[in-house]
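J.: The structure under discussion is supplied below as structure tokens; questions concerning it will follow.
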Amino acid sequence: MATQYFEEYQKQFIELQQKFFDTWLKSLPNGKDAIKFPFPVPDAVDKSIEIQEELVNDYLAAQETAINLALDTQKKFWNNYFELMKKASTVKV
């Protein structure tokens, strides 16, 4: 029975990693077309700030997703743990 919970936790952890990397990869610019150089000097500062803001927002969104997934995984792990302990305590020796 304990192996079942461990395998479920492993499965959830792998899913967490996959979702994190998928979100992270989505936040990366789409190659050279995402940033077209050179752009005119007056627009350079504005464009630079715009790119930085977009990257930071994407990074923060990826972080938020990763944190939420980590918390969900931990909640499931601890719920499964306590469920297993409750079942184990009702087993008569």
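J.: Taking R0 as 25 Å, what FRET efficiency do you get between E7 and T90 from their Cβ-Cβ distance, rounded to the nearest 0.05?
T.: E(calc), rounded to 0.05, equals 0.65.
J.: Quick check: residue separation of L55 and K26 times 0.36 nm, minus the Cα distance between them. What number comes out in nm?
T.: Numbers: separation 29, 0.36 × 29 = 10.44 nm, distance 1.10 nm.
Residue separation times 0.36 nm, minus the Cα-Cα distance, leaves 9.3 nm.
J.: Here's a follow-up. Under a plain spin-label model, where a point goes 7 Å from the Cα along Cα-to-Cβ, how far apart in nm are Q74 and K47?
T.: For Q74 paired with K47, the spin-label model returns 4.3 nm.
A short reminder: the numbers here are calculations on the coordinates, not readings from a lab. Computed from a predicted structure; not experimentally measured. Cβ atoms come from the backbone with ideal geometry, glycine included; neighbour counts cover every protein chain shown.
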